[in-house]
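Undergrad: Let me give you the structure first, and then I'll get to my questions.
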Amino acid sequence: MSEQRVLVVGGGLAGLACTMKLAELRVKTDLMSLTPVKRSHSACAQGGINSVNSLTRQQGDDEWLHFDDTVYGGDFLQHQPPVKEMAYWAPKVIDLMDRLGVPFNRTQEGFRDQRRFGGTLFKRTAFAGATTGQQLLYGLDEQVRRHKAAGLVEMYEGWDYLGPVLDDDGRCRGAVAQNLVTMQIRVFKADAVVVASGGCGLLYGRSTMSMACNGSAASRTAQAGVRYANAEFIQVHPTAIPGADKCRLMSESARGEGGRVWVPRKPHDPREPADIPDGERYYFLEERYPAYGNLVPRDIATREIFNVCVNEGLSVDTDKQCVYLDLTHIPREELDRKLGGILHIYEKFQGVDPRDVPMKIFPAVHYSMGGLWADYARSADGGLDPANPRNHQTNVPGLYAIGECDYQYHGANRLGANSLLSCIFTGLFVAPGIKAMMDSLDASTTDEKYDPLHRTALADEQREHDALVRGAGEGDENPYEIHHQLGEEMTRAALVVRKNDQIAAAIEKVDELCERAKRCSLSDTGAWTNQNVVFAKTLRDMFPLAKALLKGALARDECRGAHYKPDFAMPGITAEDPAERRREAERWCDAFVEKNRKWLKTSIADFDASGEPTITYEDVDTSLIPPRPRLYGLVGAEVIEEVWKERAAAQDTARAAEPAMA
């Protein structure tokens, strides 16, 4: 049998971790990246990476509570065995990155410093200033380049993945990609392809994601037959700087280090923020969510900021929506040591020193909770079966999905600082399963018998590219204008607040834009660094994901995590009389049970040959932690929780009695 190889698509944390682990297992690996690896979007992650640690253990924390916080924060929409495995791996992941030289912040005693992030009451987050993602990325990059020097890894930076190559049996046998400089299209033969290509923020035009996060790799994989799950769940980060070109993240770490979100109680108060007395400031997150304060989960913080600005009319500025994120009460030396990265970004783009003047921020698209469907093999203890080839394999054999472009870990809402963990964990965990799968094969994709398959795939892609370039001047549409309109439509219909009439109208408009995208005119017909034709291809591949997102959002008539439809919200308890409050809480719990019966399901998009999605649903494995109401700050939460706990206790008693009765 010829030499076996794996192709990893994506040079961020997930792709690098997977490549490193495969090389340690002596598997020859090709690593492909759209950008230079050190410019991957993982470098933009700022705040930190989560795990239980010695400090939190002293306060009663453990891996199970990390697991519980994650599924509770995600509104129970994730299969629980993968999340459990991730939480129990987390301390080992951070210890590994520490040993690889990542410069985590330290206390004066030399221990790793920790900060608190949203959705938890423990300081689980290890960090390297406010550039944690970049430091983790550089640490893994060094290891991969060490294996490259040893001949185990080949790196292909500046290559655009065009899609997988499938044989007649539906097994993945490699991929086709295009060099962004020479425009060469070639086949990468591989016994396994791992897609680790990140999120799809560019569907919305402007987001906190890098310009490379267009979703095209995931879309091309889905159009080849891989299912796409929970497309409608898009995280909008509470604190970003809106810009004309893109939005720039102001990390949750700013609030984790004591930053406070507020607006003047007087609408559009013209005074400088320092001149507004504390009593005339509205610290709305602290007032509405006293337990979590400014560190409520992101979907809740985002909706509160949106509500304060849009519905209550309390935006700081009259000409744009924004609130204050205030760090001015924190010593400058501490800010520079722990948050220097984001302070520099704000100062550079806003021209104001946030050490002296509160930042002006507003929510922005930030993360894709949904992604390519990926399988898992459950272990006897409720986690994952190590080295099982099913882990993170899509419904196409030999094709895997990890990192942000898979859907497994974050449900309806991701907790801050869990993303870096899920990326590194999935990369490390998937590799032994891939090795086991390859060991079971009786032939390698690099064998000559697969050459006709690869030649056909290459010819098809080359033919499509040539036709696009030849017809460059025949179209009447500007691809950049169509992308702008797509972003406007998605932002209007499927952002913080979603309404069915707006989503339905957006589906019609996106269908129209999709047809127009087929008639794009290209200004560049060159055969060298032709960015115009690359963007035109990318634009076409945005539409299947956009349609899946909108159709999934239209169908899901509920509020869950980041998916918020006010017409289907479950309001709090309004009665004053204790007996009526109790009855109202009982009705609320009944409605919650019925909502979960109908909607506690993963949405699955399957695409036809034209890229049109069909939405179906699959049940979610919630066997480890029973779903319970997500009650952050809800009016009457205490009586709802009381009723729910009584019901849960009665069910536990009934289950315990069943064996005795039998």
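The values are calculated or read from the model by the stated rules, or taken from the named source; none is laboratory data. The model shown is predicted, which means the values in this text are computed figures rather than measured ones. All Cβ positions, glycine included, derive from the backbone under ideal geometry; neighbour counts span all protein chains shown. Just the protein is used for accessible areas: all its heavy atoms, side chains included, with ligands, DNA and RNA removed. Shrake-Rupley method; radii C 1.70, N 1.55, O 1.52, S 1.80 Å.
Undergrad: Mind ordering 400-406, 347-353, 574-580, 482-488 by average Cβ neighbours within 10 Å, highest first?
TA: Ranking, from highest mean packing down: 400-406, 482-488, 347-353, 574-580.
Undergrad: With the dipole of the chain worked out from charges on the C-beta (+1 for Lys and Arg, -1 for Asp and Glu) around the Cα centre, which of Leu421, Tyr292, Tyr409 lies farthest toward the positive end?
TA: My answer, from the dipole projection, is Leu421.
Undergrad: Additional query: Pairs of alpha-carbon atoms within less than 8 angstrom and 6+ residues apart define the contacts here; what relative contact order does the chain have, in percent?
TA: Worked out over the chain, it gives 20 percent.
Undergrad: Under a Cβ-only charge scheme (Lys and Arg +1, Asp and Glu -1), can you give me the dipole magnitude of the range 358-503 about the Cα centre, in debye to the nearest 20?
TA: With Lys and Arg at +1 and Asp and Glu at -1, about 760 debye.
Undergrad: Among the listed pairs Lys537/Lys598; Lys320/Lys499; Lys565/Lys601; Lys509/Lys565; Lys84/Lys601; Lys84/Lys435, which have their C-alpha atoms separated by more than 26 angstrom in this model?
TA: Lys537/Lys598
Undergrad: Let me ask you something else. Treating only the Cβ atoms of Lys and Arg (+1) and Asp and Glu (-1) as charged, compute the dipole magnitude of the range 260-317 about its Cα centre; round to the nearest 20 debye.
TA: It comes to approximately 160 debye.
Undergrad: Over the chain, with every protein chain in place, what whole percent of the accessible area is carbon and sulfur at 1.4 Å, could you tell me?
TA: Within the chain, the accessible surface is 50 percent carbon and sulfur.
Undergrad: Using 1/(1 + (r/R0)^6) with R0 = 51 angstrom and r between the beta carbons of Leu441 and Glu586, what's the FRET efficiency to the nearest 0.05?
TA: Working: r = 57 Å, r/R0 = 1.12.
Calculated value: 0.35.
Undergrad: Next question. With a Förster radius of 56 Å, plug the Cβ-Cβ distance of Asp577 and Lys518 into 1/(1 + (r/R0)^6) and report the FRET value to the nearest 0.05.
TA: Calculated transfer efficiency: 0.35.
Undergrad: Averaging over every viewing direction, what projected area does the convex hull of the Cα atoms of the range 606-662 cover, in nm²? Before the final figure, lay out the partial values.
TA: Details: hull surface 30.8 nm².
Over every viewing direction, the Cα hull of the range 606-662 projects on average to 7.7 nm².
Undergrad: Using the charge dipole of the chain (Lys, Arg: +1 at Cβ; Asp, Glu: -1 at Cβ; taken about the Cα centre), state which of Ile49, Leu203, Leu634 has its Cα farthest towards the positive end.
TA: Towards the positive end, the residue furthest out is Ile49.
Undergrad: Averaging sequence separations of C-alpha pairs under 8 Å and six or more residues apart, then dividing by the length of the range 1-108, give the relative contact order as a whole percent.
TA: Working: 83 pairs, mean separation 21.3, N = 108.
The normalised contact order for the range 1-108 reaches 20 percent.
Undergrad: Projected onto the charge dipole of the range 124-174 (+1 at Lys/Arg Cβ, -1 at Asp/Glu Cβ, origin at the Cα centre), which of Leu152, Cys172, Gly139 gives the Cα projection farthest towards the positive end?
TA: Selected residue: Gly139.
Undergrad: Counting helices only, and only those DSSP H runs with n ≥ 4, report the 222 nm mean residue ellipticity of the chain as the sum of -39,500 (n - 2.57) divided by its residues, in deg cm²/dmol to the nearest 500.
TA: -13000 deg cm²/dmol
Undergrad: With every protein chain kept in place and ligands, DNA and RNA left out, what is the accessible area per residue of the chain? Probe 1.4 Å, answer in Å².
TA: Numbers: 25450 Å² over 662 residues.
I get 38 Å² per residue for this part.
Undergrad: Identify the trypsin sites (Lys or Arg not before Pro) of the range 229-317 meeting these criteria: DSSP loop state and at most 16 other C-beta atoms within 10 Å of the C-beta.
TA: Arg265, Arg271
Undergrad: I want to check the label-to-label distance for Glu658 and Leu631. Put each point 7 Å from Cα in the C-beta direction and report it in nm to one decimal.
TA: 2.6
Undergrad: OK, next. Kirkwood-based Rg over Rh for the range 278-331 (C-alpha set), two decimals?
TA: Rg/Rh: 0.97.
Undergrad: Treating only the Cβ atoms of Lys and Arg (+1) and Asp and Glu (-1) as charged, compute the dipole magnitude of the chain about its Cα centre; round to the nearest 20 debye.
TA: Using Cβ point charges on Lys, Arg, Asp and Glu, the chain gives about 860 debye.
Undergrad: So what's the gap between the Cα centers of the range 133-188 and the range 381-420, to the nearest angstrom?
TA: 20
Undergrad: Evaluate E = 1/(1 + (r/R0)^6) for Gln321 and Lys499, where r is the Cβ-Cβ distance and R0 equals 25 Å; express this FRET efficiency to the nearest 0.05.
TA: For R0 = 25 Å, the calculated efficiency reads 0.85.
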